[in-house]
Amino acid sequence: MKNPVILLSCGNTAGELSPQRILSAYYGAAFTAAGTLAAAFTGGAPEAAAGRFDGLVLTGGGDLAPSYYGQSPETDTLAIVPARDQEELALLAAFAARGKPVLGICRGVQVLNVFFGGTLVQHMEGHGGGVRHTVQALPGSRLRAWCGAAFETNSYHHQAVDVPGRGLRVTARSTDGTAEGLEHRSLPVFGVQWHPERQTAATCMDTPDGQEALFAGFAALCG
């Protein structure tokens, strides 16, 4: 297996003197530990990026504009950045068209679902602030192979997958039934609702760790 080069999407903010890109260093630490090189997307043609990189990670962040899934914003739908929505959906389209692996994390799994025509729950209680809970993975899924049948995760989201998009199946749920994992039936595209980059031995920001296999598995898909 070669050492794959993975592209990470970024957040956008105005900044004091110029527009800024935002990305947690924990993503890079987790992928470095998995033997990959990870680079932040700072602009350019999505099609060109899909031609040069081996895989795409859609990272965590604010809420996706509800207009993309046919709804109006509710009171608790916050931190919408139209430029990021457009950029990530274009990147996803380019990588999916080439059949290249894509991993969505937290906001990223929501972007995946909406791209394929699914919808989101705009607000839910009890899943924010890093609260820990158990996730159960379905037999036959990549998550089951990488993470086990049941495992503990962090939780930093207030939105979640509602109706799965075309070609997607829910592959993991929390004990309250919330969709925690998605996997495409024919493309190497999947996502998780938690933040695994905070649960590896390289970062260990949220205990327990043990999510290294997820990054190693994605790296193997990209290699």
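The values are calculated or read from the model by the stated rules, or taken from the named source; none is laboratory data. Just so you know, these numbers come straight off a predicted model, no measurement behind them. Every residue, glycine as well, gets a Cβ built from its backbone with ideal geometry; the counts of neighbours run over all protein chains shown. Keep in mind that these areas ignore ligands, DNA and RNA; they rest on the heavy atoms of the full protein, side chains included. Shrake-Rupley method; radii C 1.70, N 1.55, O 1.52, S 1.80 Å.
Summary of values
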item	result
Accessible area of C204 in the full protein assembly, 1.4 Å probe (Å², nearest 10)	60
At R0 = 35 Å, FRET efficiency that the Cβ-Cβ distance of A90 and M124 yields, to 0.05	0.80
Highest-first arrangement of 118-124, 190-196, 51-57, 144-150, where packing means the average Cβ count within 10 Å	190-196, 51-57, 118-124, 144-150
Magnitude of the charge dipole, the range 171-223, Cβ model with Lys/Arg +1 and Asp/Glu -1, debye to 20	180
Cα centroid of the range 45-59 to Cα centroid of the range 199-216, whole Å	24
Average Cα contact separation per residue, the range 12-74, under 8 Å, 6 or more apart, as relative contact order %	14
DSSP loop GluC sites (Glu not before Pro) with at most 14 other Cβ within 10 Å excluded, longest remaining stretch of the chain	126-223
Built amide H within the under 5 Å cut-off of A172, gap 5+	L138, E180, G181
Cα-Cα P(r), the chain, percent of pairs per 5 Å interval	1, 7, 16, 21, 22, 18, 11, 4, 1, 0, 0
Charge tally in the Cβ shell below 15 Å around Q211, where Lys, Arg are +1 and Asp, Glu are -1, Q211 excluded	-2
Solvent-accessible area per residue for the range 113-165 (1.4 angstrom probe, square angstrom)	42
Taking the chain and dividing mean pair separation by its residue count, relative contact order in percent (alpha carbons under 8 Å, at least six apart)	22
Mean separation of Cα contacts under 8 Å (6+ apart) over length of the range 93-223, as relative contact order %	29
Percent accessible area from carbon and sulfur atoms, the range 78-211, protein chains only, probe 1.4 Å	53
Y26, Y69, reordered so the largest accessible area comes first (probe 1.4 Å)	Y26, Y69
Local net charge near D85, Cβ-Cβ under 13 Å (Lys/Arg +1, Asp/Glu -1)	-1
Cα-based equivalent ellipsoid of the range 169-221: semi-axis lengths in Å, sorted from largest, via gyration tensor	21, 17, 6
Dipole magnitude of the chain about its Cα centre (Cβ charges: Lys, Arg +1; Asp, Glu -1), debye to nearest 20	760
